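J.: Here it is: the structure, laid out below.
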Amino acid sequence: MGPNPPRIAGATRPKDHPMSRFWSDIVRDLSPYVPGEQPRQPGLVKLNTNENPYPPSPEVRAAIEAELGDSAASLRLYPDPQGTVLRETIAAREGLSPEQVFVGNGSDEVLAFAFQGLLAHRKPLRFPDVSYSFYPSWCRLYEIDYETVALRDGFVLAVDDYAGDAPVILPNPNAPTGRALSRDEIVRLLDANPGSPVVVDEAYVEFGAESAAPLIAAHPNLLVVRTLSKSHALAGMRVGYALGDRELIEALVRIKDSFNSYPLDRLALAAATAALRDEAWFAKQRDAVVASRERLSRELADLGFDVLPSKANFVFARHAGHDGAALARALRERAVIVRHFSAARIDQWLRITVGTPEQCAALVAALREIVGG
Ligand SMILES: *Cc1c(COP(=O)(O)O)cnc(C)c1O
């Protein structure tokens, strides 16, 4: 994108690239999301994709083994297309009914269904200019017009900038900044857009922000989307879910059943159900990540970094004396990988996943070498 990206970016075309004459028009116009690197090289301190540094509950392994049995015979059979047991488990945890819960193959799939089933409207969709970079990719895929709303100074999200009764999606806490909105601010956002769907992407909410889920009863326009990838250490299983009024959930079910009736396999259903039932394990790992986050934020500040206040399992930081891309390269040379985005407003910043205390110590030692101090 040039220095002045158009406000309705959905109406522009991506950069020129080689293309096959067999491609559809849609494929030609896509601008796919680029996920963080999954390196094959062993031994790296991997702090680039916000995975949980701890293993999932031991109950997960037991549940997968029980599902497989001696001969894996259950794999002959299709899984439950509705994921009923998992949905009941989530509903009980949230004080909702199973009809208010949708499960999918990672929250990326759940979000994609929400874009197609709920956020494609006559009015352009609105989301922050600094936000989850998958959102513009789905807009392109589903030909949804969108407007980005600039975050204020310090990457502060002002909910009053979203008044006007149009569809909205935003992460809370925001990614990649880690800044969180309060539940009261979400109420203001919902009340300012009463006739439009509002999707709150709570991928990181379990690390200390206030969830919007308790607002579902009073707000039929609210869809809350969550993932087990980060909070429950199950990124490799691909399980996400949505909570909302049953009419919103029904929209997602209708998309799913027009796309893939069985998005979650038997092992993923068993693993996710077991992980969610082990609240004690979850709470212990979460508290460890939060403690590491607070310590890491202080240590980065001591090295001269500006660090945003984070409610997620990552921190967003920059050093006034060192270019962001150069810092990421220097870290990689020291076997530490973090995420750097080249988008204009954030190209001096690093998004650093909170690791174990040992991983954080390795990061801080590498940074001390690079920036001195
Ligand atoms: C990681 C992430 C997701 C996707 O999570 P999956 O369930 O692993 O697909 C969605 N939204 C945001 C903001 C994320 O950071």
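The values are calculated or read from the model by the stated rules, or taken from the named source; none is laboratory data. Given the structure is predicted, the values throughout are model-derived calculations rather than measurements. With ideal geometry, Cβ positions are generated from the backbone for all residues, glycine too; neighbour counts draw on all protein chains shown. These area figures cover heavy atoms from the full protein model, side chains too; ligands, DNA and RNA do not enter into them. Shrake-Rupley method; radii C 1.70, N 1.55, O 1.52, S 1.80 Å.
J.: Condition first: in contact with a Pro (Cβ under 9 Å, 6 or more places away or on another chain), open to solvent by less than 50 Å² (accessible area, probe 1.4 Å) and either small (Gly, Ala, Ser) or away from the ligand (no atom under 16 Å from the Cβ) (or both). Now tell me which residues in the range 221-250 satisfy that.
T.: Once the filter is applied, which keeps residues that are in contact with a Pro (Cβ under 9 Å, 6 or more places away or on another chain), open to solvent by less than 50 Å² (accessible area, probe 1.4 Å) and either small (Gly, Ala, Ser) or away from the ligand (no atom under 16 Å from the Cβ) (or both), the range 221-250 yields 221, 222, 233, 244, 245, 248.
J.: Give the range 85-108 a look and list any residue that's in contact with a Phe, Trp or Tyr (Cβ under 9 Å, 6 or more places away or on another chain), within 12 Å of the ligand (Cβ to nearest atom) and of a type outside the set (Val, Ile, Thr), or say none.
T.: The first filter runs over the range 85-108 and keeps only residues in contact with a Phe, Trp or Tyr (Cβ under 9 Å, 6 or more places away or on another chain), leaving 86-87, 90, 101-104, 107-108.
When the remaining residues are screened for being within 12 Å of the ligand (Cβ to nearest atom), the result is 103-104, 107-108.
Result: 104, 107, 108.
J.: Within the range 159-216, work out how many residues are within 16 Å of the ligand (Cβ to nearest atom), farther than 21 Å from residue 108 by Cα and in a loop (DSSP other than H, G, I, E, B).
T.: 2
J.: How many residues does the range 183-211 contain that are open to solvent by 20 Å² or more (accessible area, probe 1.4 Å), touching a residue at least 60 places away in the same chain (Cβ under 8 Å) and out of contact with any Ser or Thr (no Cβ under 9 Å at 6 or more places or on another chain)?
T.: Total satisfying the criteria: 0.
J.: Quick one: is residue 62 in the same structural domain as residue 165 (by TED's automatic domain parsing), surrounded by 14 or more Cβ atoms within 10 Å (Cβ to Cβ) and either assigned to a helix (DSSP H, G or I) or touching a strand residue (DSSP E or B) at 6+ places or on another chain (Cβ under 7 Å) (or both)? Before the answer, list the steps.
T.: On the way: in the same structural domain as residue 165 (by TED's automatic domain parsing): yes; surrounded by 14 or more Cβ atoms within 10 Å (Cβ to Cβ): no; either assigned to a helix (DSSP H, G or I) or touching a strand residue (DSSP E or B) at 6+ places or on another chain (Cβ under 7 Å) (or both): yes.
Considered against the rule, which asks whether it is in the same structural domain as residue 165 (by TED's automatic domain parsing), surrounded by 14 or more Cβ atoms within 10 Å (Cβ to Cβ) and either assigned to a helix (DSSP H, G or I) or touching a strand residue (DSSP E or B) at 6+ places or on another chain (Cβ under 7 Å) (or both), residue 62 comes out as no.
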